[in-house]
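In what follows, a structure is listed as C-alpha cells, so that the remarks can point back to it.
No value in this document is a laboratory result; all are computed from the given coordinates. Not measured: the values here are computed from a predicted model. Cβ sites come from the backbone with ideal geometry, for glycine too, and all protein chains shown count toward neighbours.
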Amino acid sequence: MDAAVEVRLPGGVWREGACARDATLRPLDPDDERALADAAEEILPAQLATAALGRALVDVGGATASGEETARELTIGDRQALLLHLRRITVGERMSCVFSCPMPECGEQLELELRVDDLLVRTEGRARRWHEVEHGGRRARFRLPTGADQERAARTALAEGVDASVSELLAACAESAAADWPAELRDRVISRMSELDPQAELTLTLTCPVCDRASSVPFDLIAYLRDELLDRVSRLERDVHTLASAYGWSEEEILGMAPGRRRRYLTLVESGGRG
C-alpha cells in the first residue's frame, strides 16, 4: 500500500484568521473500505464522503485531523479534490466510466477512461473567507458551502425537495438573512459560488461517436466512488469465500495476506491446483 501523501487544497480551511491549504492523506485499507461499504447503504452520499475523508485525513495545516469533524469543515470543492487524491492513492489513476449520450434521439452508451489528474481543477486558491456580490444596490456577503452544509442540504433535499435545500444552504452561508435577497441577487450568489469553487461540480464535455454531437455531462464523483467501493468490497468478499472454502483459512488470515499472494492462491484454486 502506498504511503501517505501531501496534497494542496484548492481553497483551504480557515483557522484563527489563517488559511491552511496543506493536507496529508493516507490510502484506505481493506478494513476501511469494508466499513464504508457497510455504511454506504444506510447514509447519504455526502455523509459517505465525510466518513471516507474522516478515515483518510491525517492532518490539515500541520494540525492533526479530527476525523469527520475536519472533513465537515472543508469546502465542497476541497472535499472533491481530496476524494480524487484518495481514489488515486487507494485504487489508481485511471477511472473507467460509462455514460449515456444525453441526446434524446440517441442514448448511446459511451465508455470513457478518465484520469484523476484530468478531473483536478487548477486554482490559485482563495485569499478571503468571505465574498461579496452586488445587484441593484443590494450587497450579499457569503462564505462557500462546507461539508457540514452539504450534509444538511442533502437531508433537506430528501425530505423537502431541492429548492428547500438550496434555500437552507444559502441561509447557512450568508452573513445576513438570505431570505431577504431578491431572486436576481440570489442567482448571482449561486453563480459566484460556482466560480469561486469550481472543483465542487464536475462537468465533462463528450462527443458521441454515433450521433457526432458534443454535450456537457455532469459527473457525480461521490456516486462513482460509492459504486466502485461496493464493487471492490464485493469482489474481495467473494475472494475470501473462495479461499476459505478451498483452504479453511479464516477471514483474518486471508485479509492479512499481501494482495499479490492472495491472487496467486486464487489462481491456483481457479486452475484446479495447476500452476
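Amide H contacts for Ser66 (H built 1.01 Å from N in the peptide plane; partners 5 or more residues away or on another chain; cut-off under 5 Å): none found.
Computed over neighbours whose Cβ is under 12 Å from that of Glu134, the net charge equals +3, Lys and Arg +1, Asp and Glu -1. Neighbour counts of C-beta atoms inside 10 Å place Phe99, Phe142 in the sequence Phe99, Phe142, starting with the fewest. A simple rule links phi to the HN-Hα coupling: the Karplus curve 6.51 cos²θ - 1.76 cosθ + 1.60 with θ = phi - 60°, which for segment 4-21 gives 4, 10, 9, 10, 9, 6, x, x, x, 9, 8, 9, 6, x, 10, 9, 8, 10 Hz, with x for Gly and Pro.
Dipole size of segment 170-269 about its Cα centre, with +1 on Lys/Arg Cβ and -1 on Asp/Glu Cβ: approximately 600 debye, rounded to the nearest 20. No disulfide-compatible partner, judged by a Cβ distance under 4.7 Å, exists for the following cysteines of the chain: Cys19, Cys97, Cys173. Distance distribution note for the chain: the fraction of Cα pairs above 35 angstrom is 28%. Around the Cα centre of segment 1-46, unit charges on the Cβ atoms of Lys, Arg, Asp and Glu (plus for the first two, minus for the last two) sum to a dipole of about 400 debye.
Under the convention that each Lys and Arg Cβ holds +1 and each Asp and Glu Cβ holds -1, the size of the dipole of the chain around its Cα centre is about 620 debye.
Taking amide H atoms as placed 1.01 Å from N in the peptide plane, the amide H of Met95 lies under 5 Å from those of Leu114, Arg115, Val116, each 5 or more residues away in sequence or on another chain.
With the simple spin-label model, which puts each label point 7 Å out from Cα in the Cβ direction, the Glu108 to His241 separation comes to 3.8 nm. With K and R counted +1 and D and E -1, the other residues having a Cβ less than 12 Å from that of Met103 yield a net charge of -2. Counting charges near Thr24 (Lys, Arg +1; Asp, Glu -1) among other residues having Cβ under 10 Å from its Cβ returns a value of -2. Karplus-based coupling profile of segment 105-121, in residue order and whole Hz: 7, 10, x, 4, 7, 10, 9, 9, 9, 9, 10, 3, 4, 5, 9, 7, 8, with θ = phi - 60° in 6.51 cos²θ - 1.76 cosθ + 1.60 and x standing for Gly or Pro. Taking each residue as 0.36 nm, the span from Glu253 to Val98 lengthens on full extension beyond its C-alpha to C-alpha distance by 52.2 nm.
A crude spin-label estimate for the pair Glu41 and Glu184, with each label 7 Å from Cα along the Cβ direction, gives 5.2 nm. In sequence order, segment 36-53 has phi-based couplings of 5, 5, 4, 7, 4, 6, 10, 10, 6, x, 4, 6, 5, 4, 4, 4, 5, 5 Hz under the Karplus curve 6.51 cos²θ - 1.76 cosθ + 1.60, θ = phi - 60°, and Gly or Pro positions carry x.
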